[in-house]
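Accompanying notes for the structure given below.
The values are calculated or read from the model by the stated rules, or taken from the named source; none is laboratory data. This one's a predicted model, so the numbers in the text were calculated from it and none came from an experiment. Every residue, glycine as well, gets a Cβ built from its backbone with ideal geometry; the counts of neighbours run over all protein chains shown. In case anyone asks, the SASA skips ligands and DNA or RNA and just uses the protein heavy atoms, side chains included. Shrake-Rupley method; radii C 1.70, N 1.55, O 1.52, S 1.80 Å.
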Amino acid sequence: MTSLIRHVTIDCTDAYRLARFWAEALDGSLAEDDFPGDPEATVTSAGGALLFLSVPDTKTVKNRVHLDLQPQDRSRDEEVERLLALGATLVADHRRPDGTGWATMADPEGNEFCVERSAAERAR
């Protein structure tokens, strides 16, 4: 084996604030040495690690890479509602009446991500 992905890095304007959102969204945790105002913050969750870096630039175009979330203990629609309550926004709704599809959302800094159906919903 040559390399493993250690974490996915996301540029943002406030690393700690955005990391707190993602820690809640992914039922993860911030590193013990991450505090408000830090230029970087790391979230570790069952699915992997995310590193947030504060940069002076703001987001201006669509992400070239994004996360696809699959709820583990709730439905896709329940997860969309939970993430909206945490501060995400709904960017595009690709959910279909037959239960297939996904929701494209954005985190508090506008980074897009998708919420897919849970494994239980896929099994139906």
Ellipticity estimate at 222 nm from DSSP helix runs (n ≥ 4, -39,500 (n - 2.57)) divided over the chain, nearest 500: -6000 deg cm²/dmol
Using only the alpha-carbon atoms, how far is helix 76-86 inclined from the longest principal axis of the chain? Give it as 0 to 90 degrees, nearest 10. 30
Just to check I understand the Karplus step: with θ = phi - 60° and J = 6.51 cos²θ - 1.76 cosθ + 1.60, what whole-Hz values come out for region 87-96, glycine and proline as x? x, 6, 10, 8, 8, 8, 9, 10, 6, 10
Taking all pairs of distinct alpha-carbon atoms in region 63-124, Kirkwood radius in angstrom: 11.7
In the full protein assembly as shown, how much of Ser118 is accessible to a 1.4 Å probe, in Å² to the nearest 10? 10
Rough spin-label spacing in nm, given labels placed 7 Å along Cα→Cβ, for Met1 and Arg82: 2.9
For Ala25, what is the net charge nearby, where nearby means another residue's Cβ is under 12 Å from its Cβ and Lys, Arg count +1, Asp, Glu -1? -2
Compute and list, largest first, the equivalent-ellipsoid semi-axes of region 48-93 from the alpha carbon gyration tensor, each √(5λ) rounded to a whole angstrom. 24, 14, 11
Rounded to the nearest 10 Å², the 1.4 Å probe accessible area of Asp77 is 70
How long is the gain from Arg64 to Val91 if the chain were fully straight, where each residue apart is worth 0.36 nm and the alpha carbon distance is subtracted? 8.2 nm
Any chance you could run the full-extension gain for Arg74 through Ser45? It's 0.36 nm times the residue separation minus the Cα-Cα distance, nm to one decimal. 8.7 nm
Report relative contact order for region 40-124 in percent, whole number only (criteria: Cα-Cα under 8 Å, sequence separation at least 6). 29
Formal net charge of residues neighbouring Gly37 (Cβ-Cβ distance under 12 Å; K, R +1; D, E -1): -3
Over its alpha-carbon atoms, the chain yields an Rg and a Dmax in Å of 15.0, 46
Quick one: angle between helix 15-25 and the longest Cα principal axis of the chain, in degrees between 0 and 90, rounded to 10, please. 30
Would you work out what percent of the accessible area of region 1-122, with all protein chains in place, is carbon or sulfur (probe 1.4 Å)? 51
